[in-house]
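In what follows, a structure is listed as structure tokens, so that the remarks can point back to it.
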């Protein structure tokens, strides 16, 4: 029994998830900037991210830009993922 995924539903779900993660990341960076950079440095196999740390204060505009941008990337990625899944799972377009 092959069940197709709704491409829009998967796209929206991933877009909202990434937008929420972006907000969480911004909050943790606002509270613990050095620890947050160290944490994400671990994802990049020890790359020192302190060299890209900005001294400019975080603005609401930059936060919104990042949240919306990452949400749109998630939407597109989710649609592409569900489309590929549907082709692979059913063997047809």
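If you take the residues of region 53-71 that are within 30 Å of residue 11 (Cα to Cα) and part of a loop (DSSP other than H, G, I, E, B), which of them is modelled with the highest pLDDT? Residue satisfying both the conditions and the ranking: 59. For region 53-63, the criterion of being surrounded by 13 or more Cβ atoms within 10 Å (Cβ to Cβ) and without any contact (Cβ under 8 Å) to a residue 12 or more places away in the chain is satisfied by at least one residue.
Considering only residues in region 1-12 that are out of contact with any helix residue (DSSP H, G or I) (no Cβ under 6 Å at 6 or more places or on another chain) and in a helix (DSSP H, G or I), the one that is surrounded by the most Cβ atoms within 10 Å (Cβ to Cβ) turns out to be 12.
Conditions (1) surrounded by 11 or more Cβ atoms within 10 Å (Cβ to Cβ); (2) out of contact with any helix residue (DSSP H, G or I) (no Cβ under 8 Å at 6 or more places or on another chain); (3) assigned to a loop (DSSP other than H, G, I, E, B), marked per residue:
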position: 14; (1), (2), (3): yes, no, no
position: 19; (1), (2), (3): yes, no, no
position: 22; (1), (2), (3): yes, no, no
position: 29; (1), (2), (3): yes, no, no
position: 40; (1), (2), (3): yes, no, no
position: 45; (1), (2), (3): no, yes, yes
position: 51; (1), (2), (3): no, yes, no
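The values are calculated or read from the model by the stated rules, or taken from the named source; none is laboratory data. Keep in mind that this is a model prediction, so the values were computed, not measured. Backbone-built Cβ (ideal geometry, glycine too); neighbour counts: all protein chains shown.
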